[in-house]
Each structure stands twice: as structure tokens, then as C-alpha cells.
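Here the structure is laid out as C-alpha cells; the discussion comes afterwards.
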Amino acid sequence: MSQSGYSLSAGRLSWENLRRRPFRTACLVIVVFILAFTLFGGSLLAASLQKGLQSMAKRFGADLMVVPAGYGEKAEGVLLRGEPSFFYFDGALAAQLAEMEGVLQASPQCFLTSLSTECCDAPVQLIAFDPATDFVIQPWIAEDRQNGRLGGRPEGGLGEGQLVVGSRIDIRSNGTVQLYNHEYPVAAQLSETATGFDTTIFMTRRTMDLLKEAAHREGFGFIADGEPEGSVSAVLVKAGGNVNPNSLAQAIKRNHQNVDVLVSQGILAAIAEALEGFVAYINSFSIILWIVAVVVLMAVVSGSLNERKKEFAILRILGAPRKKLVRLVLTESSLTGLAGSLAGLGAAALLIFPFNTYLSLKIGLPYIRPGAGGLLVLGLVSLALSFAAGPLAAISSAVRISRAETYWTLREGE
Amino acid sequence: MLLEIGGLTKAYTRNHRPFAAVKEANLSLEAGEFAVITGRSGSGKTTLLSLAAGLLKPSSGAVVFQGQNIFTLKDGEISFLRNTKIGYLPQGTSLLPSLTVLDNVRLPFYLQSGGAPGKGPRRDGETVEKALSLLDRAGILPLAPAYPQELSGGEQRRVSIARALFNAPALLLADEPTGDLDEQTTAEIMGLLRQIAKGGAAILLVTHEPGAVCPGDRRYVMNAGTLTEEK
Ligand SMILES: Nc1ncnc2c1ncn2[C@@H]1O[C@H](COP(=O)(O)OP(=O)(O)OP(=O)(O)O)[C@@H](O)[C@H]1O
Ligand SMILES: [Mg+2]
């Protein structure tokens, strides 16, 4: 008679043990699950916010943004959160600012808001720049050339009627975006920034005029229609090499009563500070949770020792060396640790990945998920840390079991 | 001489006072011999067997097994000895509740890395075959797939015996193997132990059964830690 049997390896014995004590096993798995979930979720959140901030800092090509008085907050909303808005003041300001001492470059921009949402899942901000003076948008386009999905872009700049769109704008299959019942060719799509720029469509001043004319013919009207010719929404300013942007902002405010001045350094610094606090909070919370988890696991493992004295005594009697007992205890905690940490990681991913955008809006900070490599590192580190908690908590118990002599006599009633 | 116990003493601390559970015990056993220890409860019988199996370290004295003082061995070596050459039937039930009867019996093979070299099965299938034949010999083959909780006390005891025999030990230590069993079952278990002794193993049996002793057995009495041989 030939029998097929499985090996009663340490893994098998541990598995049978775990199966027989479902409640204890569930406790062990759940503790590690919570740990892995928090470690991975927290670090993913922190890393995404940091990446978001970096990308935003890269996009902020201007030191100052001058907007009509009272619209500072709205302008910040446009930049950070993609809340479409529009406001206007006299376009002559751009030329005046360009002449001002300490100003290296000044370029006007015009804002328009499109509610015709054929292209997009949310209202879209339209921004027109002046190709002659622009020092912010055109460098992005150049830098983002590899992301330019579509051809037809003339050398050296954006052609008449052409658009450059943010990462979250949907482009039609024929390479256009429809605005006010007209199709406009897309010359390039920018990479994700997690800022308001992702839902923004850029064009030249000339294109915006054409777009408005076309829209008028279709019967659309704009609030800007009432504004005098040459009105602009914002003037972007680059400060000279050794000019402090804050002092320059003060100087501009002194010279021009009817403006607000946003200092991008200030915005970035405020965000960076909020982020630092948030990351520090996540980190300390993770450390505390890790310690608590190890302590809880220690209590569970050590609490089950009394109940298991007999089991270990039997194994000793049958000739298991001390090492084998240690291995059994560690294998059990490794199995529960692995199950808990994998499940926790998976749950964190399931919860966070699909709600990227929602989270980004909720937090009100730029948020970009790390790439595959970054995710892998975060995942592996979280996995290792949460997984290690189990065996680490079990090791003292394991050693205690293997040392104690009094356990090894089995008497009736024990 | 297979087993030679000399001047063996085990002192415990109880109520902050040293107290000898086993005092200067001497005992020797040849292969194939059958020795019976009787004695009142608490006299130190279990302690003596645990010392003989190397499960406890003595306060003084030696246990020489096959010419080797086992207390000079490292844990790994003494565990190996216990696994391959010493069968131990502990007092009370001693089956692992998470494993089936079959797996309980073949468990000893897996407790030393690589199994017991030189003898015994080499494949998992062979351990199953061997365990089944031992269960058959103990008269409980149909119980192989059952779990220990589903067995009676006498059936559990037979499983323990089958398990203790798995690696064909040279010495079998049995601590009241018929403790709570009826007359009929007791006789059957005793018959099983006699069979094992006939097979060449030495047996050291702790029992309260007056009828357990046969002519030719060595008889010992344990009294408050002191072991005396009755001639
Ligand atoms: N770890 C220990 N610490 C202190 N005293 C102990 C310890 N283990 C056993 N004893 C004591 O040693 C004595 C002998 O115990 P042992 O278990 O060897 O007795 P026994 O002869 O097997 O009894 P029984 O017939 O009831 O099984 C008892 O008085 C017991 O209380
Ligand atoms: Mg006893």
C-alpha cells in the first residue's frame, strides 16, 4: 500500500494551530492589518502630498501674481484648487509693472470660465497669456514636450486657435477640445500637477479673442464683455535676481492702490509648513501605533502561553529541540503577520487609489501619487515594518517557552 | 547496560524551602527488561521519569543511557536522543488537539530537521504507512482520521503508545498509562506493553495496578522521593 502524505513541517503545524484558535488568530491578524493599513496609507498620503508640493513649486514660474484688489483669495483658489474664477482690471498695469524697478519680467493673463462641460467633468478655467511677454506658460510647454500628445504645434510657440490643456482635460479622439460649440485643436497636454492647472486650458491672448467672437456668434455672452478693451485678470511678475519678492510686493501695493499681490514663495511656504506638520503627525502616529501593536501582540502571544504549555511540553517529550519550539512560535506569528500586513496593504491601496482626486480636494493640498517605483518602496517598507511586528512580539515569548524547565513535566490535570 | 541511574537527586523550592522530590535514586535496566515503579501520589515518580528522559535537569547525579551521561549533552543532542531512542508516555492525555490521530502518531518524525537519519521512513507517504501500521497494532486503525477530542481515554492512551513507538525506541518510559481505565482496557494496554518489551525495548512503568507485575519484572517502590528495589 502506498500512501501519499503531507509533511508536518513547522508551517503546517503552525497553520493547524492557527486554524484551531480562530479568535486568537483573528486578533493577531487584525492588529497587524491595522498597522499595515495605517503605515502604508499614511506614508502614501504623505509622499503624495510631498510630490504634489514639488510639482507645484516647479510650476510656479512667477514670483508674484498681481490681481485686482479683493481677489487674492480667488486667485489662490484658481492656482491651488482649480476653482474657476474671473476678475478684471486695466491691462495697462502690465506695462507699468514691467517698467518698475526690481521687476525683471511682467506678463498679463486673462481668465475666462467655461461652464460648457463637454470636455471636462468640472468647470474649466481658461487662461490666455501674452506670447510676447510670457515667461511662465511657454517654458512649461517646452519642458512638457514629451507629454505633448499631439502634433501640429508650430515651432517656437502656440499657433492661432490652438490650445494647451491640463492633465485632467479630456481630449476628443480627433485631437480637439470643444468650447462653446467650436472645436479647437490641442497642441499639447501638460503633465499632472495636482493644482488648479490640471483643469485649466491655456491659449494665447489672440486665441481667446477668436474664441470669444465665435462664442458670441453662437449666442454666448461673457461678463468680460462689459469690461473695457485691454482688460486683464492678472499680471505675473518675475523679480530681479537679488530683489526680495516680499519687498517688491510691498512696493507694488504702495504704487497701485487697487491691487492684491500674491507671493508664490509665501503660498508655497505656507503649504510646505502645513505639510510638514501633517507628515510629522503621520510619522509620530505611525511610530506610536507600531509600538502599541507590538505590545498588544506581545500580550496576546504571551497570554496564550499558559494555555499552550502542555502543547510545548508534548513536543519536547517527543524530542523537539528548543530551536524547534522557537521556530514554531515565530512561524505562527510570521503567518499571521504576513496575512495581516498583505491584507492591510491591499485595503489601504483599495481605499486610497480610487479616491485620489477626492482626497486631493478634501485636503485642499496638491496631491500626486508616487510612481510605480515609489509605490513599491513605500509598500515594501510598510510591509516589512508591519510584518516584523509579529515575530518581534513573539520572540520574547518563544525564548521564555524554550527556557522554562518546569513546563516539561506533564502531570495529570495540567 | 541500557539505562543506569545513579545518585539522582532533584530538589525543588517549595514554600521558600528546598525540598527533594527525588533523593539519591539508583536504578539500572537492561535491554528487554521490564521494570515497575509503584508509590503513593506525590512520591516523585513522574519527576524520576522526567529526569530519566532528560526533560528535567537533576540537582545531582547522572542518567547514563547507552553509556552516555545525557546531562553532559547539548539540548539538540539530548532532544535527538529522546526523539529517536526514548519513548515517553506522559501521565494523562498528551495528544495535540490540532492534529488528527494519524498526524499525532507520525509527528515525532518531523521534530528533528531531516527526520531520524539512518532509520525509519524517508517520505511523507512512508510516515503515513508506518503510523497506520502502528495504529493497527494498537487496535485503533479506524480512528486514524479522527481528532483526539473525539476519542475515549483508553483510545487516546493507545494513540500515545503508537506515537511513542514511532521511532522504535530502545527505552519506553510509561507514566501510569492505565491510570483511569477499566479492567478490560487496562489488561489490553498492559498486553501491548508486554509485546513491546518482547520486541527488545526496555520498559520503565509507573503504575498503581497491583496486577501489572509479572514474574521476572524488576520492582521498585518510590516513597517520599526515595527509590528502593524490591527483591
Ligand atoms: N515544579 C515543581 N516545583 C515544586 N515542587 C514540585 C514541582 N514538581 C513537582 N513537585 C513536587 O514534587 C513531588 C513529586 O511530584 P511527582 O509529580 O513526581 O509525584 P508523583 O509520584 O508522580 O505523583 P502522582 O502519583 O500523583 O502522579 C510532589 O510533592 C510535587 O508537589
Ligand atoms: Mg505522577
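The values are calculated or read from the model by the stated rules, or taken from the named source; none is laboratory data. Note that the structure is a prediction, hence the values are computed from the model and not measured. Glycine gets a Cβ as well: all are built from the backbone with ideal geometry, and neighbour counts include every protein chain shown.
Figures for the structure shown
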| read-out | value |
| --- | --- |
| Total residues in the range A:1-26, condition more than 14 Å from every other protein chain (Cβ to nearest Cβ) and modelled with pLDDT under 90 | 0 |
| Hits in the range B:144-160 (condition: within 22 Å of the chain's Cα centre (by Cα) and of a type in the set (A, V, I, L, M, F, W, C)) | B:Ala144, B:Leu151, B:Val159 |
| Subset of the range B:135-149 (residues that are within 13 Å of chain A (Cβ to nearest Cβ), assigned to a helix (DSSP H, G or I) and under 14 Å from B:Ala162 (Cα atoms)) | B:Leu135, B:Asp136, B:Leu141, B:Pro148 |
| A:Leu318 modelled with pLDDT of 90 or more and within 14 Å of chain B (Cβ to nearest Cβ) | yes |
| Count of residues meeting criterion [without any contact (Cβ under 8 Å) to a residue 24 or more places away in the chain and either within 16 Å of ligand 2 (Cβ to nearest atom) or within 14 Å of another protein chain (Cβ to nearest Cβ) (or both)] in the range B:175-205 | 0 |
| Residue check for A:Ala313: touching a residue at least 24 places away in the same chain (Cβ under 8 Å), under 27 Å from A:Ser14 (Cβ atoms) and crowded, with 21+ Cβ neighbours inside 10 Å | yes |
| Residue check for B:Arg163: within 16 Å of ligand 1 (Cβ to nearest atom), under 23 Å from B:Pro108 (Cβ atoms), within 14 Å of chain A (Cβ to nearest Cβ) and outside any loop (DSSP other than H, G, I, E, B) | no |
| Number of the condition not met by A:Leu330 [criteria: (1) of a type in the set (A, V, I, L, M, F, W, C); (2) within 14 Å of another protein chain (Cβ to nearest Cβ); (3) part of a helix (DSSP H, G or I)] | (2) |
| Residues of the range B:41-86 satisfying the condition of being more than 10 Å from every other protein chain (Cβ to nearest Cβ) and aliphatic (A, V, I, L, M) | B:Leu48, B:Ala52, B:Ala62, B:Val63, B:Val64, B:Ile70, B:Leu73 |
| All positions within the range B:74-95 that are within 16 Å of ligand 2 (Cβ to nearest atom) and not hydroxyl-bearing (Ser, Thr, Tyr) | B:Leu89, B:Pro90, B:Gln91, B:Gly92 |
| Any hit, the range B:55-69, residues being small (Gly, Ala, Ser), surrounded by fewer than 14 Cβ atoms within 10 Å (Cβ to Cβ), at pLDDT below 95 and within 16 Å of ligand 1 (Cβ to nearest atom) | no |
| B:Gly87 vs. criteria surrounded by 23 or more Cβ atoms within 10 Å (Cβ to Cβ), outside any helix (DSSP H, G or I) and not basic (Lys, Arg) | yes |
| Scan of the range B:194-231 for residues that are within 16 Å of ligand 1 (Cβ to nearest atom) and at positive phi, ordered by number | B:Ala224, B:Gly225 |
| Number of the exception - B:Pro177 against (1) within 19 Å of B:Phe109 (Cα to Cα); (2) crowded, with 22+ Cβ neighbours inside 10 Å | (1) |
| Condition broken by A:Thr204, with the remaining ones in (1) under 30 Å from the mean Cα position of the chain (by Cα); (2) modelled with pLDDT of 90 or more; (3) hydroxyl-bearing (Ser, Thr, Tyr) satisfied | (1) |
| Enumeration of residues in the range A:354-387 that are buried (at least 17 other Cβ atoms within 10 Å of the Cβ) and modelled with pLDDT of 90 or more | A:Leu378, A:Gly379, A:Ser382, A:Leu383, A:Leu385, A:Ser386, A:Phe387 |
| Residue match in the range B:7-24 (condition: within 26 Å of B:Arg194 (Cβ to Cβ) and more than 11 Å from ligand 1 (Cβ to nearest atom)) | no |
| Search result, residues across the range B:25-47 that are under 25 Å from B:Lys198 (Cβ atoms) and within 7 Å of ligand 1 (Cβ to nearest atom) | B:Lys45 |
| Residue in the range B:1-45 that is surrounded by the most Cβ atoms within 10 Å (Cβ to Cβ), counting only those that are in contact (Cβ under 8 Å) with a residue 40 or more places away in the chain and in contact with a Pro (Cβ under 8 Å, 6 or more places away or on another chain) | B:Val22 |
| Selection status of B:Leu227, within 23 Å of B:Thr47 (Cβ to Cβ) and within 14 Å of another protein chain (Cβ to nearest Cβ) | no |
